[in-house]
Ligand SMILES: [Zn+2]
């Protein structure tokens, strides 16, 4: 298989088309309105914004489900065409582990659906459980560690002191704590 530059360029282009398709699906199937805003300093570059990012979350989820079922369907086509589960595992970069062969691991993943994605980050791997986004209220880069803790400061950091969104979150937390005592 060719993993050279040309192939990588093609993959980048295909990935770009898939991202475009998610935006299209967000507009067509989930009612978002798109707005292409120019990128500062470039004449031809635009960045796509949606009035409702939740529509894109739903659209991306729909695409992921379709892609997952297609992955299994095409794997079965490959089996019908004489390819082994080990070959399918190799194509999907599934590692063999101590207990199972690569073929067994990919079968459990794709067909039985009970094993977690063996190509994904596993236990013990360095996985940083933090993500980032730019706050729509204070325009700061915010580190988001998930909704696991009670106080907003333990879940998010980076808002400005006077960020209205962050203040509202802290106020809601305080009201919740005080309300809970009665
Ligand atoms: Zn903020």
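Per-structure values
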item: Of all residues making up the range 152-167, the number that are more than 10 Å from the ligand (Cβ to nearest atom) and modelled with pLDDT of 95 or more; result: 0
item: Exclusive hit being at pLDDT below 80, closer than 30 Å to residue 71 by Cβ and loosely packed, with under 15 Cβ neighbours inside 10 Å, set 114, 83; result: 114
item: Subset tally (residues that are more than 10 Å from the ligand (Cβ to nearest atom) and more than 18 Å from the chain's Cα centre (by Cα)) for the range 130-140; result: 0
item: Leading residue by the ranking (surrounded by the fewest Cβ atoms within 10 Å (Cβ to Cβ)) among those in the range 25-70 that are in a strand (DSSP E or B) and in contact (Cβ under 8 Å) with a residue 24 or more places away in the chain; result: 48
item: Residue list for the range 140-152, restricted to those being closer than 15 Å to residue 167 by Cβ and exposed (fewer than 13 other Cβ atoms within 10 Å of the Cβ); result: 151
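The values are calculated or read from the model by the stated rules, or taken from the named source; none is laboratory data. Keep in mind that this is a model prediction, so the values were computed, not measured. Please note: Cβ atoms are built from the backbone with ideal geometry, for glycine as well, and neighbour counts cover all protein chains shown.
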